[in-house]
Each structure stands twice: as C-alpha cells, then as structure tokens.
Amino acid sequence: VRLLINKIFKNNVKDIMTGYRAFSYDFVKGFPILSKGFEIETEMTIHAVDKNFKLVEVPVTYRDRPEGSVSKLNTYKDGLKVLKTIAVLFKEYKPALFFNLWAILFLILGIVIGIPAYVGYFRTGLVDKFPSLIVSCFGVLMALLFWITGIILEVIAKKHKQECLQLQCKEFRS
C-alpha cells in the first residue's frame, strides 16, 4: 500500500498506518474527513502530501499485542477498504492520470478488437466482422470520453487547489 501511494502521489512516506499524528491548525481546518474507520490514515496522508504540508515521521517502537487482547483489524476486509480509498482518492486528487489510464485501456481494447474488421475491409472492401467493428468504435469513443473527462476534472481540481491556497494566504495575512 505504501509503495502504491508513494508512486501515485510522488512522495516517500515510510509508514501511513501506525504511529501518533500531530496536525497544524491549517491542516485540520482544511482537511475534509470523508472516510470512516481504518481508511482515515490513508486519507490524511494523501491530503497532506497533495497540499504540500510538512510531514515528519518519528519512529516509534512496536511491540506485540499483550496476550489475551484481540485486534479489531481484519486484514483482508480492512485492506480492501484501504485499497478502495486509495483508488477513490487517486481519482479525486489525480483525475487526469486516473482517467487517462482508463482511456488508454479502452483505446487499446478498441484497436485490438477492431483490427480483424479493418483488415477484412481493406482486403475485400466488405466488413465481415460487423459486431467487432461496433465494439471497436465503442471502445475508441469510451477512450475519448475518459480522456476528455480527465482533462475537465484536472482543470477543476487545479482550480480548487488554487482557491484553497489563496484562502490560506488571506487567512495567514489577517
């Protein structure tokens, strides 16, 4: 999970799940709490990285749980929740990259499915595989829609980030 977050959000956080956390007033005021439970650590880390807040990691000693105590953590269930949170935040914080990946996938799918129809057409002048041509065109259109969606949402996300920075500057000056 850490490597995925570090790769997508270009940072070098070593541990997002454990340790104590202290927050500045600006962070707390601007942090939109959308997650519940175990996923909140992921959301806080991604928000801090995206907004260029200073992150300081202080190592803590870890020891085994005392005998007889039970963890509330469900490795698979909570792990899937964290991965879902990363996917949702990836879409919200990096919309161009998220939607461009989907656009590339659909474009490749459209091209691969359409190749037999186009080859047949160029050989004979007829479209033998009409369903493949339809699915191919659908794939290319979906790719175009995902690409345009990514552009639009990236502009909105950047504008929102600019407005947040301007608001923070105004509050800092007063």
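The values are calculated or read from the model by the stated rules, or taken from the named source; none is laboratory data. Because the structure is a prediction, the values reported are computed rather than measured. Cβ: placed from backbone, ideal geometry, glycine included. Neighbour counts: every protein chain shown. Surface areas here come from the heavy atoms of the whole protein model, side chains and all, with no ligands, DNA or RNA. Shrake-Rupley method; radii C 1.70, N 1.55, O 1.52, S 1.80 Å.
Gly110: touching a residue at least 12 places away in the same chain (Cβ under 8 Å) and within 23 Å of Lys51 (Cα to Cα), yes or no? Here the answer is no, as Gly110 does not meet what is asked.
Every listed requirement among (1) touching a residue at least 24 places away in the same chain (Cβ under 8 Å); (2) under 30 Å from Arg2 (Cα atoms); (3) open to solvent by 100 Å² or more (accessible area, probe 1.4 Å) is met by Asn52 save one, (1). Of all residues in the stretch 64-93, those satisfying the criterion of being of a type in the set (Phe, Trp, Tyr) and either surrounded by 10 or more Cβ atoms within 10 Å (Cβ to Cβ) or outside any helix (DSSP H, G or I) (or both) are Phe90, Tyr93. Gly30 meets each of the listed conditions (1) farther than 21 Å from Ile86 by Cα; (2) surrounded by 13 or more Cβ atoms within 10 Å (Cβ to Cβ) apart from (1).
Return yes or no: is Thr61 open to solvent by 60 Å² or more (accessible area, probe 1.4 Å), polar (S, T, N, Q) and either without any contact (Cβ under 8 Å) to a residue 40 or more places away in the chain or assigned to a helix (DSSP H, G or I) (or both)? Yes, satisfied. The set of residues in the stretch 122-160 that are surrounded by fewer than 13 Cβ atoms within 10 Å (Cβ to Cβ) and among the aromatic types (Phe, Trp, Tyr) comprises Phe122, Phe130.
Taking Ile115, is it under 26 Å from the mean Cα position of the chain (by Cα) and either on the phi < 0 side of the Ramachandran plot or outside any loop (DSSP other than H, G, I, E, B) (or both)?
no
None of Lys7, Lys14 is within 13 Å of Leu55 (Cα to Cα) and either charged (D, E, K, R) or open to solvent by less than 70 Å² (accessible area, probe 1.4 Å) (or both) except Lys14.
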